[in-house]
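Novice: After the structure tokens below, expect a handful of questions from me.
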Amino acid sequence: MTIDITIRQMMADDIDRIAHAFTKLGKERAQYKRYFNEQERGDRLVLVALYREEIVGYATVVWYSGYEPFLQEGTPEIVDLNVITEHQRRGIGTALIHTAEHIAVQHSMTIIGISVEQSPIYAKANRLYLKLGYIPDGRGITQHDNELHLIKKL
């Protein structure tokens with residue numbers, strides 16, 4: 001089931017709203033303040049998903065990935081994609097990813113990456129990314145964070 005949502009770039013007054021919406025995940029306001037500051041510097045893009053003016057999800061795109069192969073290849077990476085549990089399976093994560101991809105294309109990118117921890121907690125994300133056309137980058141799961149890194153040609 002898809003719902004009518006709006007996706008836009010994060011604004012300063014979203015910091016507290018996002019922190020409040022995602023406190024159940026153990027996320028803290030400082031993280032979102034940092035994300036906003038990085039967005040202001042041009043290092044990160046933060047996309048916010050709203051349903052009836054309520055923040056229900058977000059995703060970020062880092063232009064300089066912390067994953068060395070993506071960094072060396074100039075591949076931007078979708079990082080920290082989250083949708084509030086009660087709003088999952090409604091197309092919000094897909095919409096955030098498609099918006100991130102569209103913006104990457106506008107920045108003349110031809111490939112985008114995404115990473116996901118290999119654990120039962122992230123099983124839904126693993127399925128979603130494959131469904132959306134992401135494929136493993138061929139380097140396997142990183143030992144230090146147990147993540148599989150995927151890419152998609154845009």
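Novice: Using the Cα atoms of segment 21-107 to build a convex hull, what is its mean projected area in square nanometres? Walk me through the intermediate numbers first.
Specialist: Values: hull surface 25.2 nm².
Mean orientational projected area (segment 21-107, Cα hull): 6.3 nm².
Novice: For segment 97-154, what % of the accessible area comes from carbon and sulfur atoms, probe 1.4 Å? Before the final figure, lay out each step's value.
Specialist: Values: 2060 of 3530 Å².
Solvent-exposed carbon and sulfur of segment 97-154 make up 58 percent of the total.
Novice: Related question: If the limit is 23 Å between Cα atoms, which of 27/124; 33/131; 124/152; 131/152 go over it? Intermediate results must be reported in sequence, preceding the final value.
Specialist: On the way: 27/124 20 Å; 33/131 32 Å; 124/152 18 Å; 131/152 11 Å.
As for pairs spanning more than 23 Å Cα to Cα, those are 33/131.
Novice: Continuing with this model, one more query. Determine ³J(HN,Hα), in whole Hz, for all residues of segment 113-122 in sequence, where each value follows from phi through the Karplus function 6.51 cos²θ - 1.76 cosθ + 1.60 and θ = phi - 60°; x replaces Gly and Pro.
Specialist: For segment 113-122, the Karplus-derived couplings read x, 8, 10, 8, 5, 8, 8, x, 4, 10 Hz, x marking Gly and Pro.
Novice: Sticking with this one: Using amide H atoms built in the peptide plane, which far-off residues or other-chain residues are under 5 Å from residue 111 H to H?
Specialist: 154
Novice: Indicate the gyration tensor shape class of segment 64-154 (rounded, prolate or oblate), computed on the Cα atoms with a ≥ b ≥ c the square roots of the eigenvalues: a/c under 1.5 is rounded; otherwise a/b larger than b/c is prolate and the rest oblate.
Specialist: On the way: a/c = 1.93, a/b = 1.12, b/c = 1.72.
Oblate.
Novice: Scan around residue 79 for amide H atoms under 5 Å from its own, H built in the peptide plane at 1.01 Å from N, and keep only partners 5 or more places away or cross-chain.
Specialist: Result for residue 79 returns 60, 61, 62.
Novice: Answer with a single label: of [x] 15.4, 46; [y] 16.1, 55; [z] 14.8, 41, which was calculated as Rg and Dmax of the Cα atoms in Å from the structure in view?
Specialist: The value matching this structure is [z].
Novice: How large is ³J(HN,Hα), in whole Hz, for each residue of segment 35-44 in order, when computed from phi with the Karplus curve 6.51 cos²θ - 1.76 cosθ + 1.60 and θ = phi - 60°, using x for Gly and Pro?
Specialist: 4, 5, 4, 5, 5, 4, 7, x, 8, 8
Novice: Something else: Can you run phi through the Karplus equation (6.51, -1.76, 1.60; θ = phi - 60°) for segment 50-59 and list ³J(HN,Hα) in whole Hz, with x for Gly and Pro?
Specialist: 10, 10, 6, 6, 8, 6, 10, x, 7, 8
Novice: How large, in percent, is the carbon and sulfur part of the accessible surface of segment 1-80 at a probe radius of 1.4 Å?
Specialist: Details: 2070 of 4340 Å².
Summing carbon and sulfur atoms, their accessible area is 48 percent of the total for segment 1-80.
Novice: How many Å² of accessible area per residue for segment 43-138, probe 1.4 Å?
Specialist: That works out to 49 Å² for each residue.
Novice: While we're on this one: Going Cα to Cα from residue 153, which aspartates and glutamates come in below 15 Å? Please leave out same-chain ones fewer than 8 positions away.
Specialist: Straight-distance partners of residue 153: 73, 77, 101, 137.
The values are calculated or read from the model by the stated rules, or taken from the named source; none is laboratory data. Keep in mind that this is a model prediction, so the values were computed, not measured. The area values use the complete protein model at the heavy-atom level, side chains included, leaving out ligands, DNA and RNA. Shrake-Rupley method; radii C 1.70, N 1.55, O 1.52, S 1.80 Å.
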